[in-house]
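The values are calculated or read from the model by the stated rules, or taken from the named source; none is laboratory data. Everything numeric here is computed off the predicted structure, so don't read it as measured data. A quick note on method: Cβ atoms are made from the backbone with ideal geometry, for glycine too, and the neighbour counts reach across all protein chains shown. Each accessible area value is taken on the protein alone, full model and side chains, heavy atoms only, with ligands, DNA and RNA left out. Shrake-Rupley method; radii C 1.70, N 1.55, O 1.52, S 1.80 Å.
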Amino acid sequence: MNMKKLIAIIIFCIMAVGLSACSDSDNKPEQGQSQTTAPSNSTSDENSVKPGLEPLDNKPKTIVISVLAANDFYQLAKEKYEKLHPNTTILLKEFESSGSVLSKSEVEKFVKQTTTEVLSGKGADLFAFTTVELPIDKYINKKAFVNLDEWIQKDSSFDPKQYQTNILEGSKMNGGSYILPIEYYLEALYGDAEAFKSAGIAIDDRSWTWSDFADISKQMKGKGSRRYAMGNIAPETMINNLVSDHYSRLIDGASGKASFESPIFMDMLKQVKTLYDDNVLKSEYVDNKNSSFMYSLITSPSDYLVRLGLYYPNGKVYQKPHSSDQRSGVSFVPTNQIAMNANSKVQRDAWEFMKFLLSEEMQSYPRQTGFSMNKAINDKAIEDLKSKEVLQDPKSGNIKINAEDLELIRELLSAPSSRDMGHESTVQKIIAEETKAFFSGQKTAEAVAKFIQNRVVTYLNE
């Protein structure tokens, strides 16, 4: 047998094995399953090459998306995606309500209806979460959602570097990517930088703790310039801020366990109470003339610039104080997120639609209300501002644009971030309800922690 025939036989065998593997594959990514290998610039590490996904087929199919209300973003995504994929129908399944604003009873009905649908193993293929908090812990604990890392690891067309990877990482729960954020806000503190400078106080917000925050407030009081560090934040809201920052240490949704009787939570309770007892924080509203900091959400680069001058004449944005084991004090609030039903029969196509929501085409939609998950969109928004000398705002007038300020927002966007778990979630509601008795002096920290522990564990396992 000559060499040419031998090579031809070898190639034929390889193709035959490959075709056999493809014919046995289904619509879900399997562990260890090998698919089409993506090209790589490196030949030294074959394990770093993503295997790729099977191509989309031309069979007619429908992707059902459960959503509270089909807003313009999802309507546009439906139109554009169906045009790109004529064989696919996007069905937006909306919650039926009596008006444009949900009543309390309707919110409860929506949460109950969605929870029943998610946990039934049936229902929609994708679940879009926008304005109403849902018991996501429970959904993930019951393995109702797909861990999207399975798709990301196998999809050679998905390059995490194109997106805000810090937000993707910060959105992980129970060690997996069960929720895909579509857009988000940043949480930060705006402070009176000029007052700190005049008082000779330097703030390293990359490493400061809540104890440092309290010390700075006391120093400012000693100078007679400020009475409070911050106002308009209730103790039960403050404790939930700290819980959100340490969520994975206190709540293990995968196993249905919690650690609220642990020293870490006890310390949080006592620390928050001290902040109010020492008049560092105040529940009632305090204007910027009587407070050193203002808590705020940042929705875009231009919104960030507007707020710089809105709260203080020479203001600066600071990371929130954080513990030594946290990488930063930057946190984010997802305003639009989506998850995949673990029992969906069209997971391959559903994943393609989820990726489409992160594309530049969709993320550049002008009526988006938060930061984009697509880095290119955020970079463009910053560069567009850099090309201008002033930003015209209807309320604040002309705002001078400094390159230094824009670099700071770029830094915040790329910093490690933790997901704000939402103060309307069931766990956070339990914490808010039970801790009031401690902050008012009616119950001890130990008694309150025990009540919270029992209620949260019951909730996670019911």
Item to complete: With the Cα gyration tensor of the range 399-462 in hand, convert its eigenvalues to equivalent ellipsoid semi-axes via √(5λ) and list them largest first in whole Å.
Response: 39, 16, 10
Worksheet item: Check K257: other-chain or 5+ apart residues with amide H under 5 Å from its amide H, H built from backbone geometry?
Response: D252
Worksheet item: So how do S97, S248 rank on accessible area, 1.4 Å probe, biggest first, that is with the largest at the start?
Response: S248, S97
Worksheet entry | Cross-link partners of K61 among aspartates and glutamates (Cα-Cα below 18 Å; sequence separation of 8 or more within a chain) | D26, E79, E82, D125, D349, E352
Worksheet item: About the Cα centre of the range 411-458, what is the dipole size in debye to 20, counting +1 per Lys and Arg Cβ and -1 per Asp and Glu Cβ, all else neutral?
Response: 240 debye
Worksheet, complete the sentence: When the charge dipole of the chain is computed with +1 on Lys and Arg Cβ and -1 on Asp and Glu Cβ about the Cα centre, the Cα farthest towards its positive end, among F196, N87, F371, belongs to F196
Item to complete: Indicate the gyration tensor shape class of the range 213-321 (rounded, prolate or oblate), computed on the Cα atoms with a ≥ b ≥ c the square roots of the eigenvalues: a/c under 1.5 is rounded; otherwise a/b larger than b/c is prolate and the rest oblate.
Response: oblate
Fill in: Unit charges on C-beta of K, R, D, E only; dipole of the range 309-410, Debye
240 debye
Discussion item. Using only Cα atoms and rounding to the nearest 10 degrees, what angle (0 to 90) does helix 375-386 make with the longest principal axis of the chain?
Written reply: 50 degrees
Item to complete: Round to the nearest 10 and report in Å² the accessible area of T165, as given by a 1.4 Å probe over the protein chains' heavy atoms.
Response: 50 Å²
Discussion item. Run the helix sum for the chain: -39,500 (n - 2.57) per DSSP H stretch of 4+ residues, divided by residue count, reported at 222 nm to the nearest 500 deg cm²/dmol.
Written reply: -13000 deg cm²/dmol
Worksheet, complete the sentence: Rounded to two decimals, the Rg over Rh value of the range 103-215 from Cα coordinates and the Kirkwood Rh reads 1.13
Worksheet entry | Residue-wise HN-Hα coupling along the range 147-154, computed from phi with Karplus coefficients 6.51, -1.76, 1.60 (Hz; x: Gly, Pro) | 6, 5, 4, 4, 7, 4, 5, 9
Worksheet item: So who's got an amide H within less than 5 Å of the one on F145, skipping anything under 5 residues away but keeping other chains? H placed 1.01 Å off N, in plane.
Response: A342
Discussion item. Please compute, over every Cα-Cα pair in the range 233-392, the percentage with a separation greater than 27 angstrom.
Written reply: 47 percent
Discussion item. If amide hydrogens are placed 1.01 Å from N in the peptide plane, which non-local residues have theirs closer than 5 Å to the one on D393?
Written reply: N398, I399
Worksheet item: Once the Cα atoms of helix 210-222 and of the chain are each reduced to a long axis, what angle between those two axes, in degrees from 0 to 90 to the nearest 10, is obtained?
Response: 30 degrees
Worksheet item: Which of the lysines could a cross-linker span from K380 if the Cα-Cα distance has to be under 26 Å and same-chain partners fewer than 8 positions apart are dropped?
Response: K78, K80, K161, K316, K355, K388, K395, K400
Worksheet, complete the sentence: Counting only DSSP beta bridges fully inside the chain, the antiparallel percentage to nearest 5 is 70 percent
Worksheet item: In debye to the nearest 20, how big a dipole does the range 158-199 give about its Cα centre with +1 on each Lys and Arg Cβ and -1 on each Asp and Glu Cβ?
Response: 160 debye
Worksheet, complete the sentence: For the chain, the longest principal axis of the Cα atoms and the Cα long axis of helix 3-24 enclose an angle in degrees, to the nearest 10, of 60 degrees
Worksheet item: What accessible surface, in Å², does a 1.4 Å probe find on D252, ignoring ligands, DNA and RNA and rounding to the nearest 10?
Response: 60 Å²
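Take each of the peptides 294-301, 239-246, 259-266, average the number of other beta-carbon atoms within 10 Å over its residues, and list them starting from the highest. Working shown, then result.
Values: 294-301: 19.9, 239-246: 21.9, 259-266: 16.6.
Peptide ranking by packing, descending: 239-246, 294-301, 259-266.
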